[in-house]
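Shown next, in structure tokens, is the structure this report addresses.
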Amino acid sequence: MRAVTGFTLALGVVLAGAGCSSDEEPAKQPLAATASPSASPSPTAPPEHPFTGRETADRKPVLLVKIENTHAGKPQMGLRSADIVYVEQVEGGLTRLMAVFSSKLPAQVGPVRSARISDLHILPIFGKPALGYSGVQPKMIPFVQKAPLFDVSDSAAPSAYSRVPGRVAPYNLFASPKKLLAKAPDASKAQDIGFVFSDEAPAGGTAKKSYSVKYPAARFSFAWSAPQKRWLVTQDGAKDMAAEGGQQGAPTVVIQWVKTDRSQFHDVNGSYTPLIHSVGEGKGIVLRDGKAYNVSWSRPSEKEGTTYTTADGKPMPFSRGQVWVVLASKKPVSP
């Protein structure tokens with residue numbers, strides 16, 4: 001945040017003239033000093049948004065939405081308007097996204113899919129946000145009911161959802177973020193979650209044209225585009241295109257190595273649901289400005305944000321704009 005420039009008001013000083021007798025020429029009195037024009041104060045810069053680092057006039061409520069991330073659900077809609085995109089492993093070694101919206105809302109977002117137990121361990125960072133999703137495993141319902149969230153699923157807020165023609169169910173369910181938040185008027189507003197932003201990249205880093213991350217049944221590549229100043233996303237060998245047009249991508253991508261093991265839940269096919277441990281500490285890679293930086297991450301508790309530090313212990317600044325957080329394990333659990 002830029003400090004407001006202070007200013008000094010120059011005061012005019014009037015000097016008193018000396019007295020004179022009748023037989024002496026009156027002494028000339030000095031002219032009063034003219035006051036210097038007051039310096040105009042610089043306008044106060046709007047504060048930075050805690051999710052993107054961009055200037056913002058205010059902080060709005062937070063909405064999280066679960067989005068399909070397989071070939072059958074693409075192209076996705078609304079993802080480019082998200083402040084943060086989390087990539088999480090799910091059953092079968094595939095991945096699903098959790099998009100975080102606050103600074104701006106797209107007209108539609110989707111395809112909306114079911115939530116997972118790992119989501120419930122991530123969302124407390126945002127206070128008590130609204131969560132848009134379509135169903136959960138029956139045994140997980142009590143966990144959702146106890147979690148700090150406002151339920152705006154398709155069963156809790158059906159009027160906010162619609163089926164899009166030309167897509168096959170269940171990959172045709174889309175939601176209106178505006179309508180979802182209307183059903184959660186008390187959702188927490190954006191707050192500090194540990195991110196630090198700067199226009200200037202820190203010293204060091206290794207120049208990278210691309211960086212890849214593997215899951216048991218998915219592969220991501222992030223390629224640096226200097227003209228767009230973003231890391232463009234390729235998944236499973238194909239460019240990840242947005243329904244609105246253009247390729248998905250972000251100025252900052254965080255590869256966060258986490259412990260991932262089996263949870264108590266599994267799908268109808270018997271595949272176990274991975275449990276992602278986003279609380280604790282570990283190592284990672286931050287991609288920004290065509291470079292890769294080795295970082296350490298730390299999140300002491302579920303209610304606290306995640307901080308990222310460089311090798312010298314200083315906060316790792318992100319580029320301003322959308323951030324992708326790829327939660328991955330160097331040794332992923334088997335499906």
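The values are calculated or read from the model by the stated rules, or taken from the named source; none is laboratory data. Since this is a predicted model, take the numbers as computed values, not measurements. Every residue, glycine as well, gets a Cβ built from its backbone with ideal geometry; the counts of neighbours run over all protein chains shown.
In this structure, does GLY245 turn out to be buried (at least 17 other Cβ atoms within 10 Å of the Cβ) and either of a type in the set (S, T, N, Q) or under 14 Å from GLN76 (Cβ atoms) (or both)?
no
Name the single residue, out of those in the stretch 134-164 being part of a helix (DSSP H, G or I) and polar (S, T, N, Q), that is nearest to MET98 (Cα to Cα).
In this case the residue turns out to be GLN145.
Does VAL286 fit the bill of being surrounded by 21 or more Cβ atoms within 10 Å (Cβ to Cβ) and either more than 17 Å from SER118 (Cα to Cα) or small (Gly, Ala, Ser) (or both)?
yes
Residues that are crowded, with 18+ Cβ neighbours inside 10 Å, out of contact with any helix residue (DSSP H, G or I) (no Cβ under 6 Å at 6 or more places or on another chain) and basic (Lys, Arg): does the stretch 293-315 have at least one?
Looking for residues that are crowded, with 18+ Cβ neighbours inside 10 Å, out of contact with any helix residue (DSSP H, G or I) (no Cβ under 6 Å at 6 or more places or on another chain) and basic (Lys, Arg), one finds at least one in the stretch 293-315, hence yes.
Do the conditions hold for SER271, that is, is it buried (at least 18 other Cβ atoms within 10 Å of the Cβ) and either within 24 Å of ALA218 (Cβ to Cβ) or at pLDDT 95 or above (or both)?
Judged against the criteria, SER271 is not a match.
I need the full set of residues from the stretch 99-114 which are part of a strand (DSSP E or B) and more than 11 Å from the chain's Cα centre (by Cα), in order please.
Once the filter is applied, which keeps residues that are part of a strand (DSSP E or B) and more than 11 Å from the chain's Cα centre (by Cα), the stretch 99-114 yields VAL109, GLY110, VAL112.
Are any residues in the stretch 133-168 over 23 Å from VAL268 (Cβ atoms) and either of a type outside the set (A, V, I, L, M) or free of Cβ contacts under 8 Å to residues at least 24 places away in the same chain (or both), and if so, which ones?
Hits for the stretch 133-168 are LYS146, PRO148, PHE150, PRO158, SER159, SER162, PRO165, GLY166.
Filter the stretch 72-98 for residues that are of a type in the set (Val, Ile, Thr) and either at pLDDT below 95 or assigned to a loop (DSSP other than H, G, I, E, B) (or both) and give the result.
Result: VAL90, single match.
Let me spell it out: the conditions are (1) over 15 Å from the mean Cα position of the chain (by Cα); (2) closer than 23 Å to LEU327 by Cβ; (3) surrounded by 17 or more Cβ atoms within 10 Å (Cβ to Cβ); (4) without any contact (Cβ under 8 Å) to a residue 40 or more places away in the chain, and GLU91 meets all of them except one. Which number is the exception?
(4)
If TYR215 passes every condition in (1) touching a helix residue (DSSP H, G or I) at 6+ places or on another chain (Cβ under 8 Å); (2) surrounded by 17 or more Cβ atoms within 10 Å (Cβ to Cβ); (3) farther than 25 Å from PRO111 by Cα but one, which one does it miss?
(3)
Given the conditions (1) farther than 19 Å from GLU68 by Cβ; (2) among the acidic types (Asp, Glu); (3) touching a residue at least 40 places away in the same chain (Cβ under 8 Å), which single one is not true for ASP240?
Looking at each condition in turn, ASP240 falls short on (1).
If the requirement is being over 30 Å from TRP257 (Cα atoms), touching a Leu at 6+ places or on another chain (Cβ under 8 Å) and not small (Gly, Ala, Ser), which of these qualifies: PRO177, PRO158?
When all the criteria are applied, what remains is PRO177.
Any residue at all in the stretch 208-221 that's more than 24 Å from VAL100 (Cα to Cα), out of contact with any Ser or Thr (no Cβ under 8 Å at 6 or more places or on another chain) and free of Cβ contacts under 8 Å to residues at least 40 places away in the same chain?
no
In the stretch 139-153, what residues are crowded, with 16+ Cβ neighbours inside 10 Å, out of contact with any helix residue (DSSP H, G or I) (no Cβ under 8 Å at 6 or more places or on another chain) and not hydrophobic (A, V, I, L, M, F, W, C)?
Correct list: SER153 only.
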